[in-house]
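The block underneath contains the structure these notes are about, expressed in structure tokens.
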Amino acid sequence: MFEKFEHANLSELHFHVDESTQLQSIIAIHSTTRGPALGGCRCVEYASDDDAINDVVRLAKGMSYKAALADVPQGGGKAVIIKPPTINDRNALYQSFGKFVDSLGGRYITAVDSGTLLSDMDQVHLATQYVSGCTDDGCDPSPITALGVFCGIKAALRHQRGTSSLENIHIAIQGLGNVGFALAELLHKAGASLTVSDLDIRKQQLCEQRFNATSVAPEEIYHVPCDVFSPCGLGAILNDNTIPQLTCDIIAGSANNQLLELRHGDALHKKNILYAPDYVINAGGLIQVSLGLKHINQQDIFKKTTHIGNTLQRIFERSKTDNVSTHIIADGLAEDILQLKH
Ligand code: NAD
């Protein structure tokens, strides 16, 4: 177990079980040096306890790196709830999780993530103040995440094409959820043409009607001839199977942990595909949640989010000059800020 700590530079790992509400939860705190650890709570099924531990540790570390490069005063943390096959009382489960969060005295602040809803955070809020992104607190992260990805795509176009204009640019979006759909709207308004894919055909149809998009089946999205591939669905989709299919020269989307393994970032670099590191381009939601907690006005949140484009530009330039993959440059910059060993 302590090897995991050392490997990830982790500072705390907390386990909590409450049989009366079916809660089995783990909270990982990677770092609190820049502020309280902030990161969402996932509620998903895991094949084993070890899988859940590895997931929460990896995600908490990612949040520290994300907060450092987004320049928000937070450390990195994450929570998982091991999803029971059927949840008997959803409200009780999240209230119990709220008590667990509260027991850490504010060193960890929670928010929504895969498998959790703003309404679940309302239940968490009944038990703790250390939560952001409830129904009525105006801190819904998804629209701002989409804005950050939009700015990141423009920065990537500027780097590859010398102009950030979206006119005549073809973008393939995988996943039309909270972020993907909002991104499609921004891109359509800016003049891009869209090919989209989602497991839910109704979301595709809505994109066809509203944004004049073309839909393709989920397995076809990788080989759509396009300028930009924007993964906004799930992680690990850049791998040995998908990379050879890609025809784009830019990958820029919101999904977390897009690279199956770090070597896949190098494979993209070798193919001259510019990859916008996921935790840099998708930091808008973190900015919203972090600054929202401090009641910073929405205009300043927008401003900080648009700055994601400048951070990416720096990473792209360094990658070109040093001939090193963008994900390695990003990690190096974050580790410098966090004063971690490279
Ligand atoms: P969501 O659950 O609302 O949407 C995900 C969408 O992807 C769903 O519509 C789902 O049907 C679709 N999908 C799943 N598998 C697919 C496949 N194989 N092919 C095509 N579509 C598929 O999630 P979201 O909030 O929009 O987040 C999207 C991604 O961005 C996630 O990886 C999330 O972790 C990441 N992210 C989200 C935020 C945020 O603010 N919501 C912030 C940072 C990162």
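Give the residues of the range 199-218 that are open to solvent by less than 30 Å² (accessible area, probe 1.4 Å) and within 12 Å of the ligand (Cβ to nearest atom), sorted by residue number. If you could, list the steps in order and put the result at the bottom.
At the first step, the residues of the range 199-218 found to be open to solvent by less than 30 Å² (accessible area, probe 1.4 Å) are 204, 207, 211, 213, 216.
Listed by number, the residues that qualify are Gln204, Cys207, Val216.
Mind checking whether some residue in the range 226-249 is exposed (fewer than 15 other Cβ atoms within 10 Å of the Cβ) and in contact with a Pro (Cβ under 8 Å, 6 or more places away or on another chain)?
There is at least one residue in the range 226-249 that is exposed (fewer than 15 other Cβ atoms within 10 Å of the Cβ) and in contact with a Pro (Cβ under 8 Å, 6 or more places away or on another chain).
Quick one: which of Gly40, Gly62 is open to solvent by less than 10 Å² (accessible area, probe 1.4 Å) and at pLDDT below 95?
Numbers: Gly62 fails: open to solvent by less than 10 Å² (accessible area, probe 1.4 Å).
Of Gly40, Gly62, the one residue that is open to solvent by less than 10 Å² (accessible area, probe 1.4 Å) and at pLDDT below 95 is Gly40.
Which one of these does Thr135 not meet: (1) open to solvent by 30 Å² or more (accessible area, probe 1.4 Å); (2) in a helix (DSSP H, G or I); (3) in contact with a Ser or Thr (Cβ under 7 Å, 6 or more places away or on another chain)?
Result: Thr135 passes all but (2).
Looking at this structure, is Asp266 within 21 Å of the chain's Cα centre (by Cα) and at pLDDT 95 or above? Write out each step before concluding.
Details: within 21 Å of the chain's Cα centre (by Cα): yes; at pLDDT 95 or above: yes.
Yes: the conditions hold for Asp266.
Out of the residues in the range 9-18 that are of a type outside the set (Phe, Trp, Tyr) and within 20 Å of Val44 (Cβ to Cβ), state the one that is surrounded by the fewest Cβ atoms within 10 Å (Cβ to Cβ). Write out each step before concluding.
Keep residues of the range 9-18 that are of a type outside the set (Phe, Trp, Tyr), which gives 9-14, 16-18.
From what's left, within 20 Å of Val44 (Cβ to Cβ): 13-14, 16-18.
Numbers: Leu13: 19, His14: 18, His16: 18, Val17: 12, Asp18: 16.
My answer is Val17.
When you go through Ile221, Ile237 one by one, which is the residue that is under 24 Å from Val57 (Cβ atoms), within 14 Å of the ligand (Cβ to nearest atom), of a type in the set (A, V, I, L, M, F, W, C) and out of contact with any His (no Cβ under 9 Å at 6 or more places or on another chain)? I'd like the intermediate steps shown before the answer.
Working: Ile221 fails: under 24 Å from Val57 (Cβ atoms).
Unique residue meeting the criteria: Ile237.
Among the strands (runs of 3 or more DSSP E) contained in the range 9-76, which hold 2 or more residues that are of a type in the set (Val, Ile, Thr)? Give the steps one after another, and end with the answer.
Working: elements: 12-18, 23-29, 41-44.
By residue number, 23-29.
Taking the range 106-132 as the region of interest, how many residues are open to solvent by less than 30 Å² (accessible area, probe 1.4 Å) and farther than 24 Å from Leu59 by Cβ?
Number satisfying all stated conditions: 0.
Give all pairs with beta carbons closer than 9 Å in which a residue from the range 61-83 that is on the phi > 0 side of the Ramachandran plot meets a residue that is surrounded by 24 or more Cβ atoms within 10 Å (Cβ to Cβ); count only pairs at least 6 apart in sequence or on separate chains.
Asp71/Ile287
Taking the options Lys78, Lys83, name whichever one is under 23 Å from Ala330 (Cα atoms) and among the charged types (D, E, K, R).
Working: Lys83 fails: under 23 Å from Ala330 (Cα atoms).
So the residue among Lys78, Lys83 that is under 23 Å from Ala330 (Cα atoms) and among the charged types (D, E, K, R) is Lys78.
Within the range 293-334, track down each residue that is closer than 24 Å to Tyr108 by Cβ and modelled with pLDDT under 95.
Across the range 293-334, the qualifying residues are Leu293, Lys294, His295, Ile296.
Six or more apart or on different chains, Cβ under 9 Å: which pairs go from a residue in the range 168-193 that's assigned by TED's automatic domain parsing to the domain that holds Ser215 and assigned to a loop (DSSP other than H, G, I, E, B) to one that's open to solvent by less than 10 Å² (accessible area, probe 1.4 Å) and of a type in the set (S, T, N, Q)? Could you list them?
Filtered contacts from the range 168-193: Gly175/Ser197; Gly175/Ser230; Leu176/Ser197.
Condition check: within 16 Å of the ligand (Cβ to nearest atom), touching a residue at least 12 places away in the same chain (Cβ under 8 Å) and either closer than 28 Å to Gly233 by Cβ or acidic (Asp, Glu) (or both). Does Leu93 satisfy that? Lay out the reasoning, then the answer.
Numbers: within 16 Å of the ligand (Cβ to nearest atom): no; touching a residue at least 12 places away in the same chain (Cβ under 8 Å): yes; either closer than 28 Å to Gly233 by Cβ or acidic (Asp, Glu) (or both): yes.
Against the criterion (within 16 Å of the ligand (Cβ to nearest atom), touching a residue at least 12 places away in the same chain (Cβ under 8 Å) and either closer than 28 Å to Gly233 by Cβ or acidic (Asp, Glu) (or both)), Leu93 does not qualify.
Any residue in the range 256-272 that is of a type in the set (Lys, Arg), away from the ligand (no atom under 15 Å from the Cβ) and within 29 Å of Asp140 (Cα to Cα)? It would help to see each step written out before you state the result.
Looking only at the range 256-272, we keep the residues that are of a type in the set (Lys, Arg), and these are 263, 270-271.
Filter again for away from the ligand (no atom under 15 Å from the Cβ), leaving 263, 270-271.
Applying the additional criterion that residues be within 29 Å of Asp140 (Cα to Cα) yields none.
The answer is no, given that none of the residues of the range 256-272 is of a type in the set (Lys, Arg), away from the ligand (no atom under 15 Å from the Cβ) and within 29 Å of Asp140 (Cα to Cα).
Ser165: out of contact with any Gly (no Cβ under 7 Å at 6 or more places or on another chain), among the hydroxyl-bearing types (Ser, Thr, Tyr) and in contact (Cβ under 8 Å) with a residue 12 or more places away in the chain, yes or no? Steps first, please.
Values: out of contact with any Gly (no Cβ under 7 Å at 6 or more places or on another chain): yes; among the hydroxyl-bearing types (Ser, Thr, Tyr): yes; in contact (Cβ under 8 Å) with a residue 12 or more places away in the chain: yes.
Yes.
Per-residue answers, yes or no, for (1) in contact (Cβ under 8 Å) with a residue 40 or more places away in the chain; (2) open to solvent by 10 Å² or more (accessible area, probe 1.4 Å):
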residue: Leu262; (1), (2): yes, yes
residue: Gly265; (1), (2): yes, no
residue: Asn272; (1), (2): no, yes
residue: Gly284; (1), (2): yes, no
residue: Ile287; (1), (2): yes, no
residue: Ile296; (1), (2): no, yes
residue: Lys303; (1), (2): no, yes
residue: His327; (1), (2): yes, yes
residue: Leu338; (1), (2): yes, yes
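Out of the residues in the range 154-180 that are closer than 18 Å to Thr305 by Cα and of a type outside the set (Val, Ile, Thr), state the one that is nearest to the ligand (Cβ to nearest atom). Break it down stepwise before answering.
From the range 154-180, those closer than 18 Å to Thr305 by Cα are 154-158, 164, 178-180; that's our starting set.
Retained after the next criterion (residues that are of a type outside the set (Val, Ile, Thr)): 154-158, 164, 178, 180.
Numbers: Lys154: 18, Ala155: 17, Ala156: 17, Leu157: 21, Arg158: 23, Ser164: 22, Asn178: 4, Gly180: 5 Å.
Among them, the one singled out is Asn178.
The values are calculated or read from the model by the stated rules, or taken from the named source; none is laboratory data. Note that the structure is a prediction, hence the values are computed from the model and not measured. Glycine gets a Cβ as well: all are built from the backbone with ideal geometry, and neighbour counts include every protein chain shown. When the accessible area is computed, the model is the full protein with side chains, heavy atoms only, and any ligands, DNA or RNA have been set aside. Shrake-Rupley method; radii C 1.70, N 1.55, O 1.52, S 1.80 Å.
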